[in-house]
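Beneath this line is the structure, given in structure tokens, with notes to follow.
The values are calculated or read from the model by the stated rules, or taken from the named source; none is laboratory data. Remember, it's a predicted structure, so these values are computed and weren't measured experimentally. Neighbour counts are summed over all protein chains in view; Cβ atoms, including those assigned to glycine, are modelled from backbone coordinates with ideal geometry.
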Amino acid sequence: MSALVHRLGYIALNVRDMDAAVRDAEGIAGVRLVKSSPDRTLLTSNQRHAELIYYRSSADEVRSIGLEANDAACVAEVARRVRQRGLRILSETPSLDVISNSVTFATSEGHIFEVHTPMPLDQPVRYMCGGIHPRCIDHVNLTSSDPKTITEELVDVLGMKLSERSTGYELNWLRAGDNRHHTVGLVKGKPGLHHYSWEFSDFSDFKRLGDMLDADDRCLVWGPGRHGAGDNLFTYYVDTGGFLVECTAEMELMPLTAEARVVEVGENLSNPKVVNRWGAPPPQAWIHHHSAFMKL
Ligand SMILES: [Fe+2]
């Protein structure tokens, strides 16, 4: 059976400093303001109505991760499976008025997902911006104290496919219906978000990103390099809210029927064939990065 979710829909973050967060998203990542109110700002990098959503809050934390379902019937099926699995439904009211149907639920470790009908394509294709300008929001990588169980929950409830995992399930990569190697990754650690990712069009964007961060007296956290798992180009930086942002390109596509690969990541992620085929291992700041989800 095909996956009930097609792709990453959006990432919603609670931020203490809304103005700084929006300035950073526009000026570094190069996304575009769609709509703002005192408490919420919607941004996008393409025709989709919203890909990055900031909520004014007293803490920098993850509010929810949107996953785009094929249609309302898929949303209803996800809701049925969430109940069957014994997981908690938080809401069946869409978080945005442009979304027709959704269900928001929490995994057994408190990761919050809103599975929603497709985001309207009502924004301009091209726009002026001072940042890099991604192609789209791409994937998230979550941290979990029991990544094997959370992987099983997402496979069961969302129909996602396991693309690749480490021998002891310490790292897991799940694909959605668009067949990208991963839309949700899971790595062992304190439950939360490790990073979210923008897809860029070209490797020259990575050079511009490094130079723009340098001009702002900031640095890349890791990369550029090429991950073995997913075969994607990567580099990472931390935004003003303390969230780790990956910039990626050239993610591998996997056939719907492909079996999961099992890989050995090595002690402290030391196997370059899985972690970074170009050689440089991840720094401690990358390995230990963590953002919490909003408390339920
Ligand atoms: Fe990633």
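With respect to GLY159, is the statement that it is farther than 23 Å from ALA69 by Cα and either out of contact with any helix residue (DSSP H, G or I) (no Cβ under 6 Å at 6 or more places or on another chain) or among the hydroxyl-bearing types (Ser, Thr, Tyr) (or both) true?
no
Consider ASP216 carefully, then state whether it is under 14 Å from ILE132 (Cβ atoms), in contact with a helix residue (DSSP H, G or I) (Cβ under 8 Å, 6 or more places away or on another chain), of a type in the set (D, E, K, R) and more than 15 Å from the ligand (Cβ to nearest atom).
It is true that ASP216 is under 14 Å from ILE132 (Cβ atoms), in contact with a helix residue (DSSP H, G or I) (Cβ under 8 Å, 6 or more places away or on another chain), of a type in the set (D, E, K, R) and more than 15 Å from the ligand (Cβ to nearest atom).
Identify, by number, the condition in (1) without any contact (Cβ under 8 Å) to a residue 40 or more places away in the chain; (2) closer than 26 Å to LYS190 by Cα; (3) in a loop (DSSP other than H, G, I, E, B) that THR93 doesn't meet.
(2)
Scan region 11-22 and tell me whether some residue there is over 18 Å from the mean Cα position of the chain (by Cα) and not in a helix (DSSP H, G or I).
Checking region 11-22: at least one residue is over 18 Å from the mean Cα position of the chain (by Cα) and not in a helix (DSSP H, G or I).
Pairs only if they're at least six apart or on different chains, beta carbon under 6 angstrom, first in region 240-263 and over 15 Å from ALA176 (Cβ atoms), second within 16 Å of the ligand (Cβ to nearest atom) and in a loop (DSSP other than H, G, I, E, B); list them, first residue then second.
LEU244/HIS289; VAL245/ASP239; CYS247/PHE200; THR248/ASN232; ALA249/PHE200; GLU250/ASN232; VAL263/VAL274
For region 99-120, state whether one or more residues are among the acidic types (Asp, Glu), assigned by TED's automatic domain parsing to the domain that holds ASP24 and not in a strand (DSSP E or B).
yes
Name the residues in region 100-130 that are among the hydrophobic types (A, V, I, L, M, F, W, C) and out of contact with any strand residue (DSSP E or B) (no Cβ under 9 Å at 6 or more places or on another chain), would you?
Residue satisfying the conditions is VAL125 alone.
Of the residues that make up region 140-159, is at least one surrounded by 20 or more Cβ atoms within 10 Å (Cβ to Cβ), touching an Asp or Glu at 6+ places or on another chain (Cβ under 7 Å), aliphatic (A, V, I, L, M) and farther than 26 Å from VAL103 by Cβ?
No: region 140-159 contains no residue that is surrounded by 20 or more Cβ atoms within 10 Å (Cβ to Cβ), touching an Asp or Glu at 6+ places or on another chain (Cβ under 7 Å), aliphatic (A, V, I, L, M) and farther than 26 Å from VAL103 by Cβ.
Could you list all residues from region 56-100 that are closer than 29 Å to VAL125 by Cβ and touching a helix residue (DSSP H, G or I) at 6+ places or on another chain (Cβ under 8 Å)?
Hits for region 56-100 are LEU67, ALA69, SER100.
In the set ASP202, ASP216, ASP231, which member is within 20 Å of TRP173 (Cβ to Cβ) and surrounded by fewer than 18 Cβ atoms within 10 Å (Cβ to Cβ)? Talk me through it step by step, then tell me what you get.
Working: ASP202 fails: within 20 Å of TRP173 (Cβ to Cβ); ASP216 fails: within 20 Å of TRP173 (Cβ to Cβ).
Going through ASP202, ASP216, ASP231 in turn, the sole match is ASP231.
Tell me which residues, restricted to region 163-194, are surrounded by fewer than 19 Cβ atoms within 10 Å (Cβ to Cβ), within 19 Å of SER270 (Cβ to Cβ) and among the basic types (Lys, Arg).
Residue satisfying the conditions is LYS188 alone.
Got a sec? Which of VAL75, VAL31, VAL5 is in contact (Cβ under 8 Å) with a residue 40 or more places away in the chain, more than 18 Å from the chain's Cα centre (by Cα) and surrounded by 19 or more Cβ atoms within 10 Å (Cβ to Cβ)?
Of the residues listed, the single one that is in contact (Cβ under 8 Å) with a residue 40 or more places away in the chain, more than 18 Å from the chain's Cα centre (by Cα) and surrounded by 19 or more Cβ atoms within 10 Å (Cβ to Cβ) is VAL75.
In the set GLU252, GLU246, which member is closer than 24 Å to TYR10 by Cα and in contact with a Phe, Trp or Tyr (Cβ under 7 Å, 6 or more places away or on another chain)?
None of the others qualify; the one that does is GLU246.
Residue under question is HIS195, and the condition is that it be within 16 Å of the ligand (Cβ to nearest atom), touching a Phe, Trp or Tyr at 6+ places or on another chain (Cβ under 7 Å) and outside any strand (DSSP E or B); does it hold?
Numbers: within 16 Å of the ligand (Cβ to nearest atom): yes; touching a Phe, Trp or Tyr at 6+ places or on another chain (Cβ under 7 Å): yes; outside any strand (DSSP E or B): no.
Against the criterion (within 16 Å of the ligand (Cβ to nearest atom), touching a Phe, Trp or Tyr at 6+ places or on another chain (Cβ under 7 Å) and outside any strand (DSSP E or B)), HIS195 does not qualify.
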